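The values are calculated or read from the model by the stated rules, or taken from the named source; none is laboratory data. The structure displayed is predicted, hence computed values, not measured ones. Heads up, the Cβs are rebuilt from the backbone with ideal geometry, glycines too, and the neighbour counts pull from every protein chain shown. Heavy atoms of the whole protein, side chains included, go into the accessibility calculation; ligands, DNA and RNA do not. Shrake-Rupley method; radii C 1.70, N 1.55, O 1.52, S 1.80 Å.
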Amino acid sequence: FYRNAIARQQNLQDNIGELLRIEEEKRKAVEHATKQEQAVREELHQTTAELNAVKGVLKTERLKNSAAEVGSTILDGIGSMIGTSKVKRQEQEIRVLRQEVTARDEMIEILQTKIQTMQSDHSQELTAMQARHAAQTANLTKRHEKEMSLLKTALSKAVKWFPYFLSLIHISEPTRLLSI
(Lines give C-alpha, C1' and ligand atoms only; values in the text may rest on other atoms or scores of the structure.)
Protein backbone atom coordinates (compact mmCIF):
# COMPACT_ATOMS: atom_id res chain seq x y z
CA PHE A 1 0.00 0.00 0.00
CA TYR A 2 2.70 2.49 0.98
CA ARG A 3 4.83 1.47 -1.97
CA ASN A 4 1.96 2.34 -4.31
CA ALA A 5 1.59 5.72 -2.65
CA ILE A 6 5.33 6.36 -2.93
CA ALA A 7 5.29 5.23 -6.57
CA ARG A 8 2.38 7.57 -7.28
CA GLN A 9 4.22 10.41 -5.56
CA GLN A 10 7.31 9.71 -7.68
CA ASN A 11 5.13 9.61 -10.81
CA LEU A 12 3.59 12.98 -9.83
CA GLN A 13 7.03 14.47 -9.27
CA ASP A 14 8.22 13.10 -12.64
CA ASN A 15 5.18 14.62 -14.37
CA ILE A 16 5.82 17.99 -12.72
CA GLY A 17 9.47 17.81 -13.81
CA GLU A 18 8.38 17.05 -17.38
CA LEU A 19 6.00 20.03 -17.36
CA LEU A 20 8.79 22.31 -16.15
CA ARG A 21 11.08 21.03 -18.91
CA ILE A 22 8.38 21.65 -21.54
CA GLU A 23 7.86 25.20 -20.23
CA GLU A 24 11.63 25.84 -20.48
CA GLU A 25 11.70 24.55 -24.08
CA LYS A 26 8.78 26.81 -24.95
CA ARG A 27 10.53 29.82 -23.41
CA LYS A 28 13.72 29.07 -25.38
CA ALA A 29 11.72 28.73 -28.62
CA VAL A 30 10.13 32.13 -28.04
CA GLU A 31 13.56 33.71 -27.34
CA HIS A 32 14.97 32.15 -30.52
CA ALA A 33 12.07 33.45 -32.62
CA THR A 34 12.48 36.92 -31.12
CA LYS A 35 16.21 36.94 -31.96
CA GLN A 36 15.49 35.86 -35.54
CA GLU A 37 12.91 38.60 -35.93
CA GLN A 38 15.35 41.21 -34.61
CA ALA A 39 18.07 40.05 -37.04
CA VAL A 40 15.68 40.29 -39.99
CA ARG A 41 14.59 43.77 -38.90
CA GLU A 42 18.22 44.90 -38.66
CA GLU A 43 18.89 43.57 -42.17
CA LEU A 44 15.83 45.40 -43.48
CA HIS A 45 16.98 48.63 -41.81
CA GLN A 46 20.45 48.28 -43.34
CA THR A 47 19.01 47.65 -46.81
CA THR A 48 16.75 50.70 -46.46
CA ALA A 49 19.77 52.82 -45.51
CA GLU A 50 21.63 51.55 -48.59
CA LEU A 51 18.64 52.43 -50.78
CA ASN A 52 18.54 55.95 -49.36
CA ALA A 53 22.24 56.37 -50.08
CA VAL A 54 21.74 55.20 -53.67
CA LYS A 55 18.82 57.61 -54.06
CA GLY A 56 21.08 60.47 -52.92
CA VAL A 57 23.69 59.47 -55.50
CA LEU A 58 20.95 59.33 -58.15
CA LYS A 59 19.79 62.87 -57.35
CA THR A 60 23.37 64.10 -57.62
CA GLU A 61 23.79 62.32 -60.94
CA ARG A 62 20.56 63.80 -62.29
CA LEU A 63 21.73 67.29 -61.34
CA LYS A 64 25.06 66.64 -63.03
CA ASN A 65 23.23 65.33 -66.07
CA SER A 66 21.05 68.44 -66.26
CA ALA A 67 24.12 70.66 -65.95
CA ALA A 68 25.86 68.63 -68.65
CA GLU A 69 22.85 69.03 -70.96
CA VAL A 70 22.83 72.79 -70.44
CA GLY A 71 26.57 72.90 -71.03
CA SER A 72 26.16 70.73 -74.10
CA THR A 73 23.53 73.05 -75.51
CA ILE A 74 25.76 76.04 -74.94
CA LEU A 75 28.75 74.22 -76.45
CA ASP A 76 26.67 73.12 -79.42
CA GLY A 77 25.84 76.73 -80.10
CA ILE A 78 29.42 77.85 -79.69
CA GLY A 79 30.74 74.82 -81.57
CA SER A 80 28.50 75.50 -84.51
CA MET A 81 29.91 79.00 -84.61
CA ILE A 82 33.49 77.90 -84.10
CA GLY A 83 33.44 74.30 -85.39
CA THR A 84 36.18 72.96 -83.05
CA SER A 85 37.06 69.33 -82.33
CA LYS A 86 36.92 70.11 -78.61
CA VAL A 87 33.15 70.39 -78.88
CA LYS A 88 32.92 67.00 -80.59
CA ARG A 89 35.03 65.42 -77.87
CA GLN A 90 32.84 66.93 -75.19
CA GLU A 91 29.71 65.70 -76.93
CA GLN A 92 31.15 62.19 -76.93
CA GLU A 93 31.95 62.49 -73.21
CA ILE A 94 28.40 63.66 -72.56
CA ARG A 95 27.01 60.61 -74.39
CA VAL A 96 29.19 58.34 -72.24
CA LEU A 97 28.01 60.09 -69.07
CA ARG A 98 24.37 59.73 -70.12
CA GLN A 99 24.91 56.01 -70.63
CA GLU A 100 26.40 55.75 -67.15
CA VAL A 101 23.43 57.61 -65.67
CA THR A 102 21.04 55.25 -67.46
CA ALA A 103 22.95 52.23 -66.15
CA ARG A 104 22.78 53.62 -62.60
CA ASP A 105 19.06 54.27 -62.92
CA GLU A 106 18.54 50.65 -63.96
CA MET A 107 20.66 49.44 -61.03
CA ILE A 108 18.58 51.53 -58.62
CA GLU A 109 15.38 50.03 -59.99
CA ILE A 110 16.82 46.54 -59.53
CA LEU A 111 17.81 47.36 -55.93
CA GLN A 112 14.35 48.73 -55.20
CA THR A 113 12.78 45.55 -56.55
CA LYS A 114 15.10 43.44 -54.37
CA ILE A 115 14.20 45.49 -51.30
CA GLN A 116 10.50 45.06 -51.96
CA THR A 117 11.01 41.33 -52.38
CA MET A 118 13.00 41.15 -49.15
CA GLN A 119 10.32 43.10 -47.28
CA SER A 120 7.62 40.80 -48.63
CA ASP A 121 9.65 37.69 -47.73
CA HIS A 122 10.30 39.09 -44.27
CA SER A 123 6.60 39.74 -43.70
CA GLN A 124 5.69 36.23 -44.86
CA GLU A 125 8.39 34.65 -42.68
CA LEU A 126 7.34 36.68 -39.68
CA THR A 127 3.68 35.76 -40.16
CA ALA A 128 4.53 32.07 -40.55
CA MET A 129 6.79 32.15 -37.49
CA GLN A 130 4.11 33.85 -35.41
CA ALA A 131 1.53 31.30 -36.55
CA ARG A 132 3.85 28.41 -35.64
CA HIS A 133 4.58 29.97 -32.28
CA ALA A 134 0.88 30.50 -31.55
CA ALA A 135 0.09 26.90 -32.51
CA GLN A 136 2.93 25.51 -30.39
CA THR A 137 1.92 27.67 -27.45
CA ALA A 138 -1.71 26.55 -27.74
CA ASN A 139 -0.69 22.88 -27.97
CA LEU A 140 1.63 23.14 -24.99
CA THR A 141 -0.99 24.99 -22.97
CA LYS A 142 -3.62 22.34 -23.75
CA ARG A 143 -1.18 19.57 -22.86
CA HIS A 144 -0.19 21.32 -19.66
CA GLU A 145 -3.80 21.89 -18.64
CA LYS A 146 -4.72 18.27 -19.37
CA GLU A 147 -1.77 16.91 -17.37
CA MET A 148 -2.46 19.30 -14.49
CA SER A 149 -6.09 18.20 -14.46
CA LEU A 150 -5.05 14.55 -14.34
CA LEU A 151 -2.58 15.25 -11.55
CA LYS A 152 -5.15 17.21 -9.55
CA THR A 153 -7.67 14.41 -9.97
CA ALA A 154 -5.13 11.79 -8.92
CA LEU A 155 -4.05 13.82 -5.90
CA SER A 156 -7.65 14.50 -4.86
CA LYS A 157 -8.48 10.78 -5.10
CA ALA A 158 -5.38 9.86 -3.13
CA VAL A 159 -6.27 12.32 -0.34
CA LYS A 160 -9.91 11.17 -0.41
CA TRP A 161 -9.07 7.47 -0.27
CA PHE A 162 -6.19 7.83 2.13
CA PRO A 163 -6.83 10.63 4.64
CA TYR A 164 -3.26 10.41 5.97
CA PHE A 165 -1.74 10.48 2.51
CA LEU A 166 -0.44 14.05 2.82
CA SER A 167 1.19 13.31 6.13
CA LEU A 168 2.92 10.27 4.60
CA ILE A 169 4.67 12.19 1.87
CA HIS A 170 7.33 14.64 2.87
CA ILE A 171 6.16 17.95 1.45
CA SER A 172 6.90 21.20 3.18
CA GLU A 173 3.63 22.81 2.05
CA PRO A 174 0.89 20.13 1.90
CA THR A 175 -1.85 22.76 1.59
CA ARG A 176 -0.21 24.02 -1.58
CA LEU A 177 -0.83 20.64 -3.23
CA LEU A 178 -4.48 20.78 -2.31
CA SER A 179 -4.86 24.25 -3.79
CA ILE A 180 -3.47 23.03 -7.12
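Of all accessible surface on the chain at a 1.4 Å probe, what whole percent is carbon and sulfur?
Of all accessible area on the chain, carbon and sulfur atoms account for 57 percent.
As I understand it, the value is the acute angle between the Cα axis of helix 2-82 and the longest principal axis of the Cα atoms of the chain; what does it come to in degrees, rounded to 10?
10 degrees
Starting from the Cα of residue 64, draw a straight line to each of the lysines and keep only those under 28 Å, dropping any in the same chain fewer than 8 residues away.
The qualifying lysines are 55, 86, 88, 114.
Could you check which residue among 108, 74, 22 shows the biggest mean-square fluctuation in a GNM of the chain with a 10 Å Cα cutoff?
74
Summing Lys, Arg as +1 and Asp, Glu as -1, what charge do residues with Cβ under 15 Å from the Cβ of residue 164 carry, residue 164 excluded?
Net local charge, residue 164 excluded: +3.
Say a site is exposed when it is one of the chymotrypsin sites (Phe, Trp or Tyr not before Pro), sits in a DSSP loop, and has at most 11 other Cβ atoms within 10 Å; what is then the longest site-free stretch of the chain?
2-163
Have a look at 40, 30, 159 and tell me which one the Gaussian network model of the chain (Cα, springs below 10 Å) gives the largest fluctuation.
So, out of 40, 30, 159, the one fluctuating most is 159.
What's the angle, to the nearest 10 degrees (0 to 90), between helix 85-161's Cα axis and the longest principal axis of the chain?
Orientation of helix 85-161: about 10 degrees from the principal axis.
Between 92, 116, 130, where does the largest GNM mean-square fluctuation fall for the chain, given springs only between Cα atoms within less than 10 Å?
92
Using a 1.4 angstrom probe, figure out how much accessible area the chain has per residue, in square angstrom, rounded to the nearest whole.
Ligands and nucleic acids excluded, the result is 76 Å² per residue.
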